[in-house]
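Chemist: Attaching a single structure in structure tokens format; questions to follow.
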Amino acid sequence: MAQSIPPRASKAAATAAAVTNSIYKGANTKAEIQGIAFRLVLLSALGIALIMIFSIIAWAVVEGGQRVNPGLFLNNPSSFKPEEAGYRPAILGTIQLIGGVILIIVPLGISAATYLELFADRTRWYNRIIELNIQNLAGVPSIVFGILGLAFIVRGIFDLGFVVAAGSMTVAILVLPTVILASREAIRAVPSSLLDGALALGATRLQAVRKMVLPAAAPGMLTGVILAVARAIGEAAPLLLVGAATFVTFDPNFWEGGYSALPVMIYSYAGRPQEEFHVLAAAGVLVMLVVLFFINSIAVWLRARFERTW
Amino acid sequence: MSSSIQGARSRSEKNSLRAPSPRIGEKIVISLLFIASAISVGVTIAIVISLFAPLPGFFDYVSPWEFLTGTLWAPSFLDSSFGVLPLVAGTLQVVFYALLIGIPLGLGAAIYLSEYASTRVRKTIKPILEVLEGLPTVATGLFAVFWFKPLIQELTPWLEWTSPFSIGVAGITVGIIIIPLIASVSDDAMRSVPVALREGAYALGASKMRVAVKVVLPAAISGIVASFVLGASRAIGETMVVLLVAGGGSPQLKIGFTEPAGAMTAFIASRATGEIATGTIDYYSIFAVGALLFLMTLTMNMIAIFFVSKFREVYD
């Protein structure tokens, strides 16, 4: 084929290519430098965020790592012996608190998501209000939930007093929108053919939802619950308002007596002037970060293990 | 004749697609599910009641005008004063510095994720970014107090670092926390811009950078604005970082990077830790500040939801 092209034509083509190339290349280097610089700027934006994460972890490890010992978990707080003070009541308080949160958010979150995604008629005004409302609640500052807890749960209608149960309810309400939104997404990811198939075979709507859709969406919903729990563990601001007293030297009881929680206790230790207490606070942060890392890994594993592309 | 109509009717009833039983159980279950989702509305109503019901009691003591325009916030002074402006100024300064950092960095990260990164890179980086957002704010705040603030102090020796607290450092820290939020909402908006728009620009000879900045960015602007508004709303509501880094605040109106300044959230958190007596003016002031905070974030969230729904409408 190549030989059949007349020499003049091929020469013309080569010249044209060279000319185009020279023009294009000149423009190209400038654009290329600009492009590379732009890319570097973008990457540095990501880099700063990543550096922040690693610096926070590094701070906790460097400052608090030396202080991690059994006493940190087993000892009661002390205001004058920072070397022996520990997080025992705070850790027990957080465990009870999270237990209560799970008991509340799992049934409520999954029911609400199931209704909104599978049963709600979106043309009805009340369903639209519920949706808008959940979106809005997700953006309400956590401290406002603390005020709600103080006015309605600690005092007011529920009148529970400053107990773990009140903290659980407050934090559960706070993370509920997250659970609902994540569960809805999990349900939405299940193809409608599953539901339609079950209905076509004569299943009732409830049977189809219970036996086909919900099991398929379960891993996604579980991931949502786990991430909500992770958020609940680190939440300090609303607990300050619903009475996670910062200094408790006894094991908490769910329904009565004062309690503390890990992030609140950390905050309280950090506020003391002695250097040793700051180390103790960093050690507490380290414990919290390890727990969160573990929980997040479970969520990632679940997602990877059960993720299905339909 | 009438009998034949009745016959037809009974036949059609027999063959109808209606369920043979009224399915009362199903209706009960569905209404229970409905109630579960309606609880969220109940929560909002409860929030509004708990914030606004104590207000008349508060405004008996302080006039709304004095509350909104006063420049001295001293609830625990003997001669107490309830002008909320110092707290609002603290919050707005946090928002200002947070957006100053969060907008360029968040948007930069979003452009990289949506226009440059391969699917694999995006799938790795996005969850890592979410870690930053999910870190307990106590941890971030303490890091900022013990490491980050000294670092900034070293880097800016020309500033007057007289106080252990700094509203500017608090704002910058919050700004870094909101990078993932701004990045992920903007990234979603930019990725919903149709590929055809990009390809059209490439066909006209535009470079990748031009496509990103001149085509994708303007096309996704409503979602990007929404991400900024959400970031601002998150910055307004951030409590622990501001409380730890900027302190409970001073009663006077103070503006400046190195000043200790109380924000609204920090005031609520610091005030409520003590056993505060119900019914005192001190107690009411928590609710008054909370109500103002709630109104501010509610407005911003509504604006953000409006902008998000706008870009969804255009391209979905």
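The values are calculated or read from the model by the stated rules, or taken from the named source; none is laboratory data. These numbers were taken from a predicted model, which means no experiment stands behind them. Cβ: placed from backbone, ideal geometry, glycine included. Neighbour counts: every protein chain shown.
Chemist: Out of region A:64-87, which residues are farther than 19 Å from residue A:234 by Cβ and either part of a helix (DSSP H, G or I) or among the aromatic types (Phe, Trp, Tyr) (or both)? If you could, list the steps in order and put the result at the bottom.
Modeler: Taking region A:64-87 and keeping what is farther than 19 Å from residue A:234 by Cβ, we get A:65-67, A:69-71, A:74-86.
Within region A:64-87, A:65, A:66, A:67, A:70, A:71, A:74, A:80 qualify.
Chemist: Okay, moving on. Can you name every residue in region A:79-105 that is touching a strand residue (DSSP E or B) at 6+ places or on another chain (Cβ under 8 Å) and of a type in the set (Asp, Glu)?
Modeler: First, the residues of region A:79-105 that are touching a strand residue (DSSP E or B) at 6+ places or on another chain (Cβ under 8 Å): A:89, A:93, A:96-97.
If the condition is that a residue be touching a strand residue (DSSP E or B) at 6+ places or on another chain (Cβ under 8 Å) and of a type in the set (Asp, Glu), then no residue fits.
Chemist: Here's another thing I want to ask about it. Filter region A:241-264 down to residues that are more than 10 Å from chain B (Cβ to nearest Cβ) and farther than 24 Å from residue A:152 by Cβ, then give me how many there are.
Modeler: Narrowing region A:241-264 to residues more than 10 Å from chain B (Cβ to nearest Cβ): A:247-261.
Filter once more, so that each one left must be farther than 24 Å from residue A:152 by Cβ: A:247, A:249-251.
Here the count works out to 4.
Chemist: Conditions: (1) within 14 Å of chain A (Cβ to nearest Cβ); (2) modelled with pLDDT of 80 or more. Residue B:260 meets all but one. Number of the miss?
Modeler: All conditions are met except number (1).
Chemist: Considering each of A:217, A:230 in turn, give the residue that is buried (at least 21 other Cβ atoms within 10 Å of the Cβ), modelled with pLDDT of 90 or more and at the interface with chain B (Cβ under 9 Å from one of its Cβ atoms).
Modeler: Values: A:217 fails: at the interface with chain B (Cβ under 9 Å from one of its Cβ atoms).
Only one candidate qualifies: A:230.
Chemist: Has region A:157-176 got any residue that is touching a helix residue (DSSP H, G or I) at 6+ places or on another chain (Cβ under 7 Å), in a helix (DSSP H, G or I) and under 16 Å from residue B:277 (Cα atoms)?
Modeler: First pass over region A:157-176, keeping only residues touching a helix residue (DSSP H, G or I) at 6+ places or on another chain (Cβ under 7 Å): A:158, A:160-162, A:164-176.
Narrowing further to those that are in a helix (DSSP H, G or I): A:164-176.
Remaining after also requiring under 16 Å from residue B:277 (Cα atoms): none.
Scanning region A:157-176 turns up no residue that is touching a helix residue (DSSP H, G or I) at 6+ places or on another chain (Cβ under 7 Å), in a helix (DSSP H, G or I) and under 16 Å from residue B:277 (Cα atoms).
Chemist: Within the bounds of region A:167-178, is there any residue that is within 12 Å of another protein chain (Cβ to nearest Cβ), out of contact with any Leu (no Cβ under 9 Å at 6 or more places or on another chain) and at pLDDT below 95?
Modeler: No; the residues of region A:167-178 include none that is within 12 Å of another protein chain (Cβ to nearest Cβ), out of contact with any Leu (no Cβ under 9 Å at 6 or more places or on another chain) and at pLDDT below 95.
Chemist: Here is a follow-up. Just one of the numbered conditions (1) in contact with a Lys or Arg (Cβ under 9 Å, 6 or more places away or on another chain); (2) at pLDDT 90 or above is not true of residue B:164; which one?
Modeler: (2)
Chemist: Right, next: Kindly check whether there is at least one residue in region A:30-38 that is at pLDDT 90 or above and within 26 Å of the chain's Cα centre (by Cα).
Modeler: No - not one qualifying residue is present in region A:30-38.
Chemist: Shifting gears a bit: Can you pull out every residue in region B:131-160 that is buried (at least 16 other Cβ atoms within 10 Å of the Cβ) and among the acidic types (Asp, Glu)?
Modeler: Correct list: B:133 only.
Chemist: Further question on the same structure: It is to be established whether one or more residues within region B:173-187 are closer than 23 Å to residue A:40 by Cα, surrounded by fewer than 23 Cβ atoms within 10 Å (Cβ to Cβ), at pLDDT below 95 and among the small types (Gly, Ala, Ser).
Modeler: Yes, the conditions are met somewhere in region B:173-187.
Chemist: Still on this model: Step by step: first the residues of region A:272-291, then only those that are within 11 Å of another protein chain (Cβ to nearest Cβ) and farther than 12 Å from residue A:61 by Cα, then the one that is surrounded by the fewest Cβ atoms within 10 Å (Cβ to Cβ). Which residue is that?
Modeler: Among them, the one singled out is A:273.
Chemist: Residue B:292 - would you say it is assigned to a helix (DSSP H, G or I), crowded, with 20+ Cβ neighbours inside 10 Å and within 23 Å of the chain's Cα centre (by Cα)?
Modeler: Numbers: assigned to a helix (DSSP H, G or I): yes; crowded, with 20+ Cβ neighbours inside 10 Å: no; within 23 Å of the chain's Cα centre (by Cα): yes.
No; evaluated as a whole, the condition is false for this residue.
Chemist: Within region A:167-177, is there a residue that is surrounded by fewer than 20 Cβ atoms within 10 Å (Cβ to Cβ) and out of contact with any Phe, Trp or Tyr (no Cβ under 8 Å at 6 or more places or on another chain)? First the steps, then the outcome.
Modeler: Looking only at region A:167-177, we keep the residues that are surrounded by fewer than 20 Cβ atoms within 10 Å (Cβ to Cβ), and these are none.
Within region A:167-177, not a single residue is surrounded by fewer than 20 Cβ atoms within 10 Å (Cβ to Cβ) and out of contact with any Phe, Trp or Tyr (no Cβ under 8 Å at 6 or more places or on another chain).
Chemist: Continuing with this model, one more query. Limited to region A:245-271, what total is found for residues that are among the hydrophobic types (A, V, I, L, M, F, W, C) and within 22 Å of the chain's Cα centre (by Cα)? I'd like the intermediate steps shown before the answer.
Modeler: Applying the first criterion (among the hydrophobic types (A, V, I, L, M, F, W, C)) to region A:245-271 yields A:245, A:247-248, A:250, A:254-255, A:261-262, A:264-266, A:270.
Filter once more, so that each one left must be within 22 Å of the chain's Cα centre (by Cα): A:261-262, A:264-266.
The total comes to 5.
Chemist: Which of the following residues is at the interface with chain B (Cβ under 10 Å from one of its Cβ atoms), under 24 Å from residue A:283 (Cα atoms) and part of a helix (DSSP H, G or I): A:130, A:153, A:53? Show your work before the answer.
Modeler: Values: A:130 fails: under 24 Å from residue A:283 (Cα atoms); A:153 fails: under 24 Å from residue A:283 (Cα atoms).
Of the residues listed, the single one that is at the interface with chain B (Cβ under 10 Å from one of its Cβ atoms), under 24 Å from residue A:283 (Cα atoms) and part of a helix (DSSP H, G or I) is A:53.
Chemist: Restricting attention to region B:243-261, which residues are part of a loop (DSSP other than H, G, I, E, B) and on the phi < 0 side of the Ramachandran plot? Reasoning before the result, please.
Modeler: Step one: filter region B:243-261 for residues part of a loop (DSSP other than H, G, I, E, B), giving B:247-251, B:253-261.
The answer is B:248, B:250, B:251, B:253, B:254, B:255, B:257, B:258, B:259, B:260, B:261.
Chemist: Also: Can you confirm whether region A:168-190 contains a residue that is of a type in the set (A, V, I, L, M, F, W, C) and over 30 Å from residue A:307 (Cβ atoms)?
Modeler: Checking region A:168-190: at least one residue is of a type in the set (A, V, I, L, M, F, W, C) and over 30 Å from residue A:307 (Cβ atoms).
Chemist: Select from region A:294-310 the residues that are free of Cβ contacts under 8 Å to residues at least 60 places away in the same chain and facing chain B (nearest Cβ under 9 Å) and list them in ascending order.
Modeler: Matches in region A:294-310: A:300 only.
Chemist: Got a sec? Which helices (runs of 4 or more DSSP H) wholly within region B:51-144 have at least 3 residues that are within 13 Å of chain A (Cβ to nearest Cβ) and farther than 30 Å from residue B:256 by Cβ?
Modeler: Working: elements: B:55-61, B:64-69, B:85-111, B:119-134, B:137-143.
Ranges flagged: B:119-134.
Chemist: Another one. Taking region A:235-251 on its own, how many of its residues are surrounded by fewer than 24 Cβ atoms within 10 Å (Cβ to Cβ) and in contact (Cβ under 8 Å) with a residue 24 or more places away in the chain?
Modeler: The number of residues fulfilling the criteria is 6.
Chemist: Kindly indicate whether any position in region B:229-247 is more than 9 Å from every other protein chain (Cβ to nearest Cβ), over 23 Å from the mean Cα position of the chain (by Cα) and crowded, with 18+ Cβ neighbours inside 10 Å.
Modeler: Checked against the condition, which is being more than 9 Å from every other protein chain (Cβ to nearest Cβ), over 23 Å from the mean Cα position of the chain (by Cα) and crowded, with 18+ Cβ neighbours inside 10 Å, region B:229-247 yields no hits at all.
Chemist: Limited to region A:252-271, what total is found for residues that are in a helix (DSSP H, G or I), touching a strand residue (DSSP E or B) at 6+ places or on another chain (Cβ under 9 Å) and surrounded by fewer than 23 Cβ atoms within 10 Å (Cβ to Cβ)?
Modeler: As a first pass, look at region A:252-271 and keep what is in a helix (DSSP H, G or I): A:262-270.
Among the residues that remain, those that are also touching a strand residue (DSSP E or B) at 6+ places or on another chain (Cβ under 9 Å) are: A:263-265.
Of the ones still in play, those that are also surrounded by fewer than 23 Cβ atoms within 10 Å (Cβ to Cβ) are none.
Total satisfying the criteria: 0.
Chemist: Can you find, within region B:33-50, the residue that is surrounded by the fewest Cβ atoms within 10 Å (Cβ to Cβ) among those that are within 21 Å of residue A:175 (Cβ to Cβ) and either more than 14 Å from chain A (Cβ to nearest Cβ) or among the β-branched types (Val, Ile, Thr) (or both)?
Modeler: Here the residue is B:45.
Chemist: Within region B:302-309, identify whether any single residue is within 13 Å of chain A (Cβ to nearest Cβ), modelled with pLDDT of 80 or more, over 30 Å from residue B:193 (Cα atoms) and in a helix (DSSP H, G or I), and answer yes or no. It would help to see each step written out before you state the result.
Modeler: Taking region B:302-309 and keeping what is within 13 Å of chain A (Cβ to nearest Cβ), we get B:302-309.
If we keep only those that are modelled with pLDDT of 80 or more too, we end up with B:302-309.
Those still in the list that are over 30 Å from residue B:193 (Cα atoms) too: none.
So far as region B:302-309 goes, no, none of its residues is within 13 Å of chain A (Cβ to nearest Cβ), modelled with pLDDT of 80 or more, over 30 Å from residue B:193 (Cα atoms) and in a helix (DSSP H, G or I).
Chemist: Shifting gears a bit: Among the residues of region B:151-164, is there at least one that is part of a helix (DSSP H, G or I) and within 11 Å of another protein chain (Cβ to nearest Cβ)? So that I can check it myself, show each step before the final result.
Modeler: Step one: list which residues in region B:151-164 are part of a helix (DSSP H, G or I), which gives B:151-155.
Keeping just the survivors that are within 11 Å of another protein chain (Cβ to nearest Cβ) gives B:151.
The answer is yes; a qualifying residue exists.
Chemist: Which of the residues belonging to region B:165-182 are of a type outside the set (Val, Ile, Thr) and either in contact with a Ser or Thr (Cβ under 8 Å, 6 or more places away or on another chain) or assigned to a loop (DSSP other than H, G, I, E, B) (or both)? Walk me through it before giving the result.
Modeler: Applying the first criterion (of a type outside the set (Val, Ile, Thr)) to region B:165-182 yields B:165-166, B:168, B:170-171, B:175, B:180-181.
Within region B:165-182, B:165, B:166, B:168, B:181 qualify.
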